[in-house]
Amino acid sequence: MKFLTMLLLLTLNWNALAISVDEIVQKTNHNSYYRGKDGRAEVKMVIKDSQGRERKRSFTILRLNTGKNKDGKQKFYVYFKRPSDVKKMAFLVWKQINQEDDRWMYFPSLDLVKRIAGADKRTSFVGSDFFYEDVSGRNIDADKHELLETSDNYFVIKNTPKDVVPVEFSYFKMWIHKTSFLPIKSEYYDKAGKLYRTYEVAKVDTIQDKPTVTKAIMKDLNKKTETELSYSKVEYDVGLSEDIFTERYLRNPPVKEMKF
Amino acid sequence: MKFLIFAFISFSLWAEEPSLPAGLGGEKKDEPTFEFDSNPKTSETDKEETSGRDEEAPLFDYFGFLDLRAGTRINTDPSQHDLSLADIRLHNEISKDYESSKLIFSGDFLGDFERSDSDDTNLRDGTGLFDLRELNFSTTPVSSIDIKIGRQILTWGTGDMIFINDLFPKDWQSFFMGRDLTYLKAPSDAVKASIYTDLVNINLVYTPFFNSDRHIDGSKISYYSPLLGKKVGRDTPFVKEENEKGEWALRLEKKISSTEFALYGYKGYWKSPSGVNAQGKYYHPELNVYGASVRSPLLGGVGNAEFGYYESSEDKKGNNPFVPNDELRFLVGYEHELVKNTTGSMQYYVEHMLDYDEYLSTLMGVKKDESRHMATLKVRKEMLKQTLSFTAMLFYSPTDSDGHGRLSLDYKLTDDVKLFAGSNLFFGKEKTTFWGQFEDNSNIFAGTTINF
């Protein structure tokens with residue numbers, strides 16, 4: 001009898017979970033960063049400091065999945081439009097999985113292609129509250145994942161870094177929407193266990209049948225700054241060629257691919 | 001009691017649980033169920049909403065800035081003004097994209113108040129009221145070829161402010177007096193053809209009329225004149241013979257995995273007038289350069305190495321004291337993030353003169369060493385979410401016992417207003433070595449750039 005009860009409990013448990021933590025994390029990673037074979041979007045950032053002053057960034061981003069394995073390597077091309085002092089600069093990233101990304105920056109006024117040394121991925125992206133890693137994706141193998149709970153709408157996952165040295169958080173919690181597998185909210189806790197950074201999605205649009213985050217806000221609670229990130233003109237499976245992600249197009253922006 | 005605890009727990013959970021965002025049912029808060037916004041009409045409206053904020057596609061793309069800066073010498077130089085820099089610069093840039101071609105114009109109205117004996121506008125050497133930076137047309141006639149014709153800025157090679165195979169014109173006066181780094185590069189009037197193949201990418205640049213460096217000529221920066229055997233400045237006219245002949249520059253580039261390899265060739269002239277002709281005038285002797293470079297990720301940073309053989313073809317034997325000898329030039333460099341938001345880099349550079357015995361036996365004037373060694377160290381720190389940045393770079397030659405220090409501090413007050421200050425320092429044991437001769441030109445400067 002006891003055995004039967006246990007079996008019953010196990011089965012119930014199994015049914016309740018239905019999906020493993022790893023699957024949730026993988027699906028979330030896929031839906032956040034790897035949708036389609038490629039993608040493009042117009043990106044706007046509004047950075048607000050503690051005194052309410054605003055700085056604005058706008059750029060076009062092109063992405064291509066290049067990994068042989070699912071959700072592996074990617075290439076990104078970022079073309080800056082605003083502010084004026086970075087206008088027409090282009091940033092090329094070959095995202096690697098178990099090694100440093102390759103990064104190049106093109107400065108048009110000098111016609112200079114500079115290779116960027118592998119920098120800390122948890123530093124500000126273009127001066128915003130988003131980190132480089134928030135935009136390009138954090139390696140899911142870098143953290144341990146636990147399912148804390150399942151609510152009507154969300155899986156709540158706690159992510160604890162395997163190596164605490166390179167990161168400023170002790171763990172972060174994610175509220176992952178159960179059917180779209182999009183992280184709707186993340187909370188980052190510092191080494192003293194205090195909440196200091198939050199990410200929250202404000203808007204989701206369904207584009208080519210894919211629910212897609214089109215507006216999100218990252219807040220730095222210590223510095224009292226925040227950045228609103230919005231994506232527009234999002235498209236998947238554009239048919240981007242790998243050639244675009246080379247020095248040729250750093251020097252000559254791919255006008256056709258960026259007019260959409 | 002149990003109920004209370006339960007209520008408390010569920011309340012606290014509820015408190016931190018995010019409500020659904022717009023598009024995931026967040027608009028309809030009373031309805032517990034949610035639907036995806038899969039109605040194409042709705043997403044279309046959303047799209048229009050977001051893209052509607054973009055301005056209508058303008059006829060052409062424009063941007064510009066106003067740059068005001070002033071600087072002063074920190075030592076007294078009897079052959080120069082104390083004021084080292086006083087610029088009002090209005091930069092305008094207009095570009096137009098077509099389907100597979102592009103037209104670019106950029107130019108600066110420049111009020112150079114330091115140069116009181118203001119020259120007439122000369123588009124070739126950039127003096128006078130207008131400096132044309134770019135006026136070019138680029139096109140892709142077939143998918144594997146790009147062509148760019150006209151005035152353009154050209155750069156290649158792996159060094160950081162050390163150029164071995166990049167023989168495109170530089171503006172050393174601007175670089176040493178505290179103008180924006182952009183102005184280190186002087187424009188070329190050239191045709192650039194780029195051919196992309198699976199085997200190798202080829203860049204070929206033809207400059208029909210030689211583009212000299214905007215070199216040190218005493219007008220802003222005093223220097224040691226080997227001809228006169230003393231330091232001279234703006235009171236001593238720099239007499240040189242102009243060169244109207246053509247230049248060719250070639251680069252073959254190949255990326256293998258993450259490593260970039262390149263081979264280079266150049267047929268032209270020494271970019272600074274380093275020869276003296278029979279009339280006692282400076283001139284640009286013939287020069288051919290053959291070189292190679294490699295750049296790759298290395299130990300979490302970026303490493304590079306570059307080499308060039310400088311064939312001074314008017315003095316193959318090395319026994320003409322009025323023309324530079326052949327040289328070998330080497331460079332290795334490494335850049336790495338030191339700590340968060342701080343990057344450090346170092347380079348080591350050697351210029352090795354060939355036929356040194358012949359050089360010694362025919363030497364007139366100041367003797368140069370067979371090898372000139374130089375190290376550079378650079379630290380760049382970004383602060384306050386990349387609005388404040390500090391850069392320090394030191395060039396030091398252990399063989400010449402001289403060097404050059406560059407400091408700069410930039411603060412972006414807003415997206416469009418930048419304030420900056422900096423310094424260019426020169427020092428050396430002797431007044432005749434490369435950096436030592438510029439000692440009295442050490443300067444500090446400050447200014448602002450306003451974008452519009």
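The values are calculated or read from the model by the stated rules, or taken from the named source; none is laboratory data. Computed from a prediction, not measured in an experiment: that's the story for all the values here. In this analysis, Cβ positions are derived from the backbone assuming ideal geometry, glycine residues included, and neighbour counts consider all displayed protein chains. Please note that ligands, DNA and RNA were not included when accessible areas were found on the heavy atoms of the full protein model with its side chains. Shrake-Rupley method; radii C 1.70, N 1.55, O 1.52, S 1.80 Å.
Observations on the structure shown:
- Estimated dipole of chain B in Debye, rounded to 20 [Cβ of Lys and Arg +1, of Asp and Glu -1, Cα centre]: 1060 debye
- Ranked by the mean number of other Cβ atoms within 10 Å of their residues, highest first, the peptides B:436-448, A:185-197, B:167-179 come out as B:167-179, B:436-448, A:185-197.
- Cα centroid separation - region B:171-237 against region A:153-184, whole Å: 53 Å
- Charge dipole (region B:314-394, unit charges on Cβ, about Cα centre) - positive-most of B:375, B:320, B:339: B:339
- Percentage relative contact order, chain A, counting C-alpha pairs under 8 Å, at least six apart: 19 percent
- Computed from backbone phi, the HN-Hα couplings of region B:124-134 come to 6, 9, x, 8, x, 6, 10, 10, 7, 8, 9 Hz, rounded to whole numbers (Karplus: 6.51 cos²θ - 1.76 cosθ + 1.60, θ = phi - 60°; Gly and Pro given as x).
- Against the compact-protein benchmark of 2.2 N^0.38 Å, the Cα-based radius of gyration of region B:219-345 scales to 1.41.
- Normalised size of region B:186-283, defined as Cα radius of gyration per 2.2 N^0.38 Å with N residues, equals 1.46.
- Per-residue packing, averaged as other Cβ atoms within 10 Å, sorts the ranges A:253-260, A:170-177 into the order A:170-177, A:253-260, beginning with the highest.
- Karplus-derived 3J(HN,Hα) values for region B:433-449, using 6.51 cos²θ - 1.76 cosθ + 1.60 with θ = phi - 60°, are 7, 3, 7, x, 5, 9, 3, 6, 9, 3, 8, 10, 8, 7, x, 9, 10 Hz; glycine and proline are entered as x.
- Cross-link check: pairs A:162/A:191; B:102/B:170; A:256/B:148; A:191/B:340; A:27/A:158; A:88/B:271 evaluated at a Cα-Cα cut-off of 21 Å; pairs beyond the cut-off: B:102/B:170; A:88/B:271.
- For the segment A:248-256, counting C-beta atoms of other chains within 10 Å of every residue's C-beta and taking the mean gives 4.
- Net charge dipole size for the protein assembly as shown [Lys, Arg +1 and Asp, Glu -1 on Cβ; Debye, nearest 20]: 1380 debye
- Inter-chain shielding of A:113-124 (mean C-beta neighbours from other protein chains, 10 Å cut-off): 6
- Other protein chain Cβ atoms within 10 Å, averaged over every residue that makes up A:45-52: 1
- Relative to the Cα centre, the charge distribution of region B:311-397, modelled as +1 at Lys and Arg Cβ and -1 at Asp and Glu Cβ, gives a dipole magnitude of about 740 debye.
- Ratio Rg/Rh [Cα only; Rh per Kirkwood] for the protein assembly as shown: 1.04
- With Cα atoms, 0 to 90° folded angle of helix B:2-16 axis to chain B main axis: 40 degrees
- Bridging of residue B:378 to aspartates and glutamates at a Cα separation below 14 Å is possible for B:160, B:335, B:337, once same-chain residues fewer than 8 apart are set aside.
- What a 1.4 Å probe finds exposed on the protein assembly as shown is 60% carbon and sulfur by accessible area, rounded to a whole percent.
- Distant-in-sequence amide H partners of residue B:341 (H built 1.01 Å from N, under 5 Å): A:120
- At 0.890 mPa s and 25 °C, Stokes D of chain B from Kirkwood alpha-carbon radius, µm² per second: 96 µm²/s
- Burial order of peptide ranges A:110-118, A:216-224 (average beta-carbon count within 10 Å, highest first): A:110-118, A:216-224
- Acute angle (nearest 10 degrees) that the helix B:40-51 long axis makes with the longest principal axis of chain B, alpha-carbon atoms: 40 degrees
- Under 12 Å, Cβ to Cβ, from residue A:65 - net charge with Lys/Arg +1 and Asp/Glu -1: +4
- On Cα atoms only, tilt of A:2-17 relative to the major axis of chain A in degrees: 20 degrees
- Calculated accessible area for region B:61-451 comes out at 43 Å² per residue, all protein chains present (probe 1.4 Å; ligands, DNA, RNA ignored).
- The distance separating the Cα centre of region B:434-451 from that of region A:28-44 comes to 46 Å.
- Charge dipole (region B:88-161, unit charges on Cβ, about Cα centre) - positive-most of B:142, B:129, B:153: B:142
- Which of A:91, A:156, A:112, positive extreme of dipole for chain A (C-beta unit charges): A:112
- Shape category assigned to region A:120-188 from the gyration tensor of Cα positions, a/c cut at 1.5: oblate
- Calculated on the alpha-carbon coordinates, the convex hull of region A:22-258 measures out at 130 cubic angstrom per residue.
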